[in-house]
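Heads up, the thing below is written out as structure tokens.
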Amino acid sequence: MKPPKQSQPSAENPEPDFEQELEEVERSLLSLKERYDQVQRDRQQQAQWQQRRDQLKHNKSQTPDIKAELRQIQQQLERLEVNLESQLFSWRSLKKPFWQVVRFGGMGVIIGWILKSYAG
């Protein structure tokens, strides 16, 4: 009789890790697409608000209504600026490069000390 086949441990089978990484990449890509669409919408809206602001500024008569609208437009433009600047960088996107710099920079320092001790 043959012993029953045992499934291989996950350490020997890289497929579950690959599937998880692939799902994470897909989620990141979807998030990036959503962010790109949001940035495009915000830029269009920003251009429209700026155009409207310029029209109002060139208006000869500055009535209180026009001044109030200008203040409102300025607030909208500031909000859009914050939206455009936010979420461009996050710790999650910088985590891997950061640790690679730490690891390889540390290795470079250690190798430099070793070479200096042999040369000196």
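The values are calculated or read from the model by the stated rules, or taken from the named source; none is laboratory data. The model shown is predicted, which means the values in this text are computed figures rather than measured ones. Methodologically, a virtual Cβ is constructed for each residue, glycine included, from the backbone with ideal geometry; neighbour enumeration extends over all protein chains shown. The accessibility values were calculated without ligands, DNA or RNA, using every heavy atom of the protein model including side chains. Shrake-Rupley method; radii C 1.70, N 1.55, O 1.52, S 1.80 Å.
Okay, here's what the table says:
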quantity: Pair list, Cβ < 8 Å and 6+ apart or interchain, from region 46-73 residues that are on the phi < 0 side of the Ramachandran plot to residues that are open to solvent by less than 60 Å² (accessible area, probe 1.4 Å) and of a type in the set (V, I, T); calculated: W49/I73; R52/I73; R53/I73; L56/I66; L56/I73; N59/I66
quantity: Residue under evaluation N59, criteria (1) in a helix (DSSP H, G or I); (2) at pLDDT 80 or above, criterion not met; calculated: (1)
quantity: Inter-residue pairs, beta-carbon under 8 Å, first touching a residue at least 40 places away in the same chain (Cβ under 8 Å) and in region 26-45, second in a helix (DSSP H, G or I), 6+ apart; calculated: Q38/N83; V39/L84; D42/L80; D42/N83; D42/L84; R43/L84
quantity: Checking R71 against (1) modelled with pLDDT of 85 or more; (2) under 26 Å from the mean Cα position of the chain (by Cα), the condition it does not meet; calculated: (2)
